[in-house]
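For reference, the structure is listed below as structure tokens.
The values are calculated or read from the model by the stated rules, or taken from the named source; none is laboratory data. On a predicted model such as this, the values are computed, not experimentally measured, just so you know. Quick reminder, even Gly has a Cβ in these numbers, built from the backbone with ideal geometry, and neighbours come from all protein chains shown.
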């Protein structure tokens with residue numbers, strides 16, 4: 001039964017969603033769609049619910065921005081050869097981009113009519129046009145990402161990863177370091193170290209600072 005849901009989802013994607021994403025420059029790799037630029041990449045990740053079974057299948061979209069080397073410097077791991085959501089410098093669920101800030105999951109059920117798949121397709125297109133593409137338009141390059149992460153994001157982005165201010169500042173500091181802006185990078189690292197005091201990431205941020213300066 002799960003294969004039936006996967007087939008329906010694939011038809012929704014291939015017939016309605018993938019053509020739109022390709023028009024916007026995205027390339028497909030399984031359920032991850034990526035548009036690469038010189039210093040950043042846009043990522044749209046389709047996430048299936050872990051609770052999917054024969055009674056139904058749910059999925060949602062995650063939206064990310066990837067800046068090369070931020071993941072590898074922060075985690076001290078190899079840089080990925082294929083960009084996934086976990087490699088993104090920031091990411092957020094599609095529902096959290098909506099003014100309602102309510103999580104959005106689309107559901108495929110056994111007794112659905114054809115019209116249900118058409119409605120899901122229309123809703124996905126609407127969310128891409130009204131939420132996803134406008135969010136991506138905030139970022140032209142890695143500097144835009146660094147400035148965004150270092151700013152006071154407020155309640156509008158309280159579900160954005162990285163969730164903590166200290167980690168966002170550290171990511172911003174890494175980007176400035178990569179750009180050759182060492183004074184700005186050191187300033188942000190100092191602020192990140194102070195913000196991370198007595199937290200689980202204090203040691204990580206201090207270690208990165210010591211490693212690159």
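Please pick out the residue among 164, 107 that is in contact (Cβ under 8 Å) with a residue 12 or more places away in the chain, more than 17 Å from the chain's Cα centre (by Cα) and surrounded by fewer than 16 Cβ atoms within 10 Å (Cβ to Cβ). Write out each step before concluding.
Numbers: 164 fails: more than 17 Å from the chain's Cα centre (by Cα).
Answer to the selection: 107.
The single residue among 64, 25 that is more than 30 Å from residue 211 (Cα to Cα) and modelled with pLDDT of 95 or more turns out to be 25. Between 6, 45, 53, the distinction of being surrounded by fewer than 18 Cβ atoms within 10 Å (Cβ to Cβ), on the phi < 0 side of the Ramachandran plot and in contact with a strand residue (DSSP E or B) (Cβ under 8 Å, 6 or more places away or on another chain) belongs to 6 only. Within the range 1-36, the set of residues being part of a loop (DSSP other than H, G, I, E, B), touching a residue at least 12 places away in the same chain (Cβ under 8 Å) and more than 15 Å from residue 133 (Cα to Cα) comprises 1, 31.
In the set (1) more than 18 Å from residue 9 (Cβ to Cβ); (2) touching a residue at least 40 places away in the same chain (Cβ under 8 Å); (3) in contact with a helix residue (DSSP H, G or I) (Cβ under 8 Å, 6 or more places away or on another chain), the condition left unmet by residue 83 is number (3).
Just one of the listed residues (71, 33) is at pLDDT 95 or above, more than 22 Å from residue 163 (Cα to Cα) and touching a helix residue (DSSP H, G or I) at 6+ places or on another chain (Cβ under 8 Å), and it is 33.
Taking the criterion of being in a helix (DSSP H, G or I) and within 21 Å of residue 37 (Cα to Cα), the residues of the range 59-104 that qualify are 70, 71, 72, 73, 85, 86, 87. Would you mind stating whether residue 59 is touching a strand residue (DSSP E or B) at 6+ places or on another chain (Cβ under 7 Å) and either surrounded by 14 or more Cβ atoms within 10 Å (Cβ to Cβ) or within 19 Å of residue 151 (Cβ to Cβ) (or both)? So residue 59 fits the description; yes.
Are any of the residues in the range 136-155 on the phi > 0 side of the Ramachandran plot and not in a helix (DSSP H, G or I)?
Residues of the range 136-155 on the phi > 0 side of the Ramachandran plot: 154.
From the residues that got through so far, the ones that are not in a helix (DSSP H, G or I) too are 154.
Within the range 136-155, one or more residues are on the phi > 0 side of the Ramachandran plot and not in a helix (DSSP H, G or I).
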